[in-house]
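Inspection log for the structure reproduced underneath, given as structure tokens.
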Amino acid sequence: MTPTALRRPTTAAATPAIPTATATTPAVPATAPGTPAVTAAASPAAAGPRTGTASPDAPSILRRCRDLTAPALTDAIDGLHPWVAEMARYTLGLREADGAAAGPGRGKGIRQALAVLGAEAVSGPGAAGVPGAVAVELVHTFSLLHDDIMDGDALRRGRPALWKAYGTGPAVLAGDALFALGIETLAVTPHAGPAVRQLTTALGDLVGGQADDLLFAQRPWTGPDAVRAGEYVTMAERKTGALLGCALALGARLAGAPDHTAGELDLVGRHLGVAFQIADDVLGIWGEPERTGKPVHGDLRQGKKTLPVLAALGAAPGGGELAELLTAPGALDGDGARRAASLVERAGGRTRAEQETRRHLAEARTRLTALRLAPGPVGELGTLLSALAGRTV
């Protein structure tokens with residue numbers, strides 16, 4: 001597969017080329033001007049990354065950043081219309097539909113963590129990235145609400161999706177409210193202009209990626225109109241990578257980082273998003289149901305055009321029998337899905353997908369290292385990158 005270079009997104013100002021190995025990007029002082037309007041409540045976590053001899057693992061990093069962001073996220077939700085706030089708490093895993101405290105199933109807070117670590121990586125306090133963490137979490141949740149409606153997915157994190165619990169109309173309304181609240185959260189910060197443009201650029205890419213993903217389902221498996229592997233990588237960068245990159249860049253911007261640094265961190269997150277999506281593709285075919293929450297070979301049964309399958313179809317001659325299976329009338333049954341999974345693996349689809357995951361992860365690490373940022377937060381980012389790309393959190 002020919003490596004696909006990610007597009008450099010449009011940001012508040014032109015982003016210069018990545019520094020050479022000998023270049024140095026000045027760190028932003030911890031006392032960067034302008035305190036964000038949305039901050040976390042005072043707590044030990046607000047001071048910055050944990051110190052000590054042992055480097056924290058990915059679950060600990062996620063938990064620290066969630067705890068730092070939680071008060072501001074709660075305050076933002078509390079300002080919504082009471083009914084909309086109720087739905088927001090439900091979809092964020094904070095409350096059940098009847099108002100009772102929710103059990104396990106809350107999101108991991110990946111984007112929250114990236115925003116906090118983005119601020120810390122440029123030597124700012126983690127609290128500086130909290131408005132970005134809140135904004136991206138709200139917008140991400142908005143996208144999930146609408147995603148579930150478009151895909152007809154009845155479950156989200158082991159519970160009824162919001163549209164199943166409250167109805168389609170209310171779920172659309174709640175999503176719209178979260179979208180507006182995410183923009184407002186950034187609009188009241190000292191870095192409002194660049195921050196809002198960063199988020200709206202990511203949103204434009206997310207919508208474009210979602211549109212491509214929906215259109216892929218209508219295109220044939222074979223022939224001149226078939227989806228190509230390169231098109232899929234571009235879709236994944238936009239649909240999955242745009243908000244991950246936005247979270248990292250927003251954290252850095254809100255801590256006072258220059259456009260160049262924010263732009264490079266955006267690309268780090270976009271490469272991470274591609275690695276994350278492709279790893280999810282592999283699990284969607286070969287993952288264990290108890291780990292993925294999906295039936296075995298679920299993506300093949302649904303006819304989803306994922307990278308392992310597209311790579312296998314592009315392999316000659318190994319894709320011939322696979323193409324016959326996929327283009328036969330009707331959905332694959334259990335035996336057909338097992339046969340298709342075996343053919344994808346035999347044609348090298350799984351291997352090539354895993355290679356792409358490693359390549360995008362390596363590119364993310366290379367760009368992150370080249371920026372020469374604060375070593376502690378960069379180390380935590382590296383831990384998180386590996387865990388996310390490996391789907392171990």
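The values are calculated or read from the model by the stated rules, or taken from the named source; none is laboratory data. Note that this is a predicted model, so its numbers are computed, not measured. Note: ideal-geometry Cβ built from the backbone for every residue, glycine included; neighbour counts use all protein chains shown. Ligands, DNA and RNA are excluded from the accessible area calculation, which covers all protein heavy atoms including side chains. Shrake-Rupley method; radii C 1.70, N 1.55, O 1.52, S 1.80 Å.
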*Which of the residues that make up the stretch 167-199 are under 26 Å from PRO71 (Cβ atoms) and hydroxyl-bearing (Ser, Thr, Tyr)?*
THR185, THR189
*What are the residues in the stretch 108-137 that are more than 12 Å from the chain's Cα centre (by Cα) and either free of Cβ contacts under 8 Å to residues at least 40 places away in the same chain or surrounded by fewer than 24 Cβ atoms within 10 Å (Cβ to Cβ) (or both), if any?*
SER123, PRO125
*Could you check the stretch 285-393 for helices (runs of 4 or more DSSP H) lying wholly inside it with 2 or more residues that are open to solvent by 20 Å² or more (accessible area, probe 1.4 Å)?*
289-292, 320-327, 334-346, 349-370, 375-389
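Checking the structure you have, find out if any residue of the stretch 244-261 is closer than 25 Å to ALA127 by Cβ, open to solvent by 20 Å² or more (accessible area, probe 1.4 Å) and part of a loop (DSSP other than H, G, I, E, B). Walk me through it before giving the result.
To start, the set of residues in the stretch 244-261 that are closer than 25 Å to ALA127 by Cβ comprises 244-261.
Retained after the next criterion (residues that are open to solvent by 20 Å² or more (accessible area, probe 1.4 Å)): 256, 258-260.
Then keep just the ones that are part of a loop (DSSP other than H, G, I, E, B); that gives 256, 258.
Yes, that holds for at least one residue.
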*Looking at the stretch 272-284, which of its residues are farther than 20 Å from GLY382 by Cβ and either surrounded by 24 or more Cβ atoms within 10 Å (Cβ to Cβ) or at pLDDT 95 or above (or both)?*
ASP281
*Given the structure, is GLU237 closer than 20 Å to THR357 by Cβ and either open to solvent by 10 Å² or more (accessible area, probe 1.4 Å) or modelled with pLDDT under 95 (or both)?*
no
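Tell me the residue from GLY175, GLY204, GLY223 that is touching a His at 6+ places or on another chain (Cβ under 9 Å), open to solvent by less than 70 Å² (accessible area, probe 1.4 Å) and either assigned to a helix (DSSP H, G or I) or of a type in the set (Gly, Ala, Ser) (or both), please.
On the way: GLY204 fails: touching a His at 6+ places or on another chain (Cβ under 9 Å); GLY223 fails: touching a His at 6+ places or on another chain (Cβ under 9 Å).
Answer to the selection: GLY175.
Considering only the stretch 356-364, I want to know if a residue exists there that is in contact with a strand residue (DSSP E or B) (Cβ under 9 Å, 6 or more places away or on another chain) and closer than 30 Å to LEU384 by Cα.
Let us first name the residues in the stretch 356-364 that are in contact with a strand residue (DSSP E or B) (Cβ under 9 Å, 6 or more places away or on another chain), namely none.
No: the stretch 356-364 contains no residue that is in contact with a strand residue (DSSP E or B) (Cβ under 9 Å, 6 or more places away or on another chain) and closer than 30 Å to LEU384 by Cα.
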*asked:* Between a residue in the stretch 245-265 that is within 13 Å of LEU114 (Cβ to Cβ) and any residue that is of a type in the set (Phe, Trp, Tyr), which pairs come within a Cβ distance under 8 Å, given they are 6 or more apart or on different chains?
replied: none
_Residue within the stretch 144-165 that is assigned to a helix (DSSP H, G or I), in contact (Cβ under 8 Å) with a residue 24 or more places away in the chain, more than 19 Å from the chain's Cα centre (by Cα) and buried (at least 17 other Cβ atoms within 10 Å of the Cβ) present_ = yes
*asked:* Tally up the residues in the stretch 178-201 that are within 19 Å of LEU145 (Cβ to Cβ) and open to solvent by less than 60 Å² (accessible area, probe 1.4 Å), please.
replied: 7
*asked:* Which numbered condition in (1) modelled with pLDDT under 95; (2) within 23 Å of LEU138 (Cα to Cα) is the only one that LEU250 fails?
replied: (1)
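Each row is one residue, and each column tells you yes or no for (1) touching a strand residue (DSSP E or B) at 6+ places or on another chain (Cβ under 8 Å); (2) at pLDDT 95 or above; (3) farther than 20 Å from ALA72 by Cβ.
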residue	(1), (2), (3)
ASP147	no, no, yes
ASP153	no, no, yes
ARG156	no, no, yes
LEU178	no, yes, no
ALA187	no, yes, no
ALA192	no, yes, no
THR201	no, yes, yes
GLN218	no, no, yes
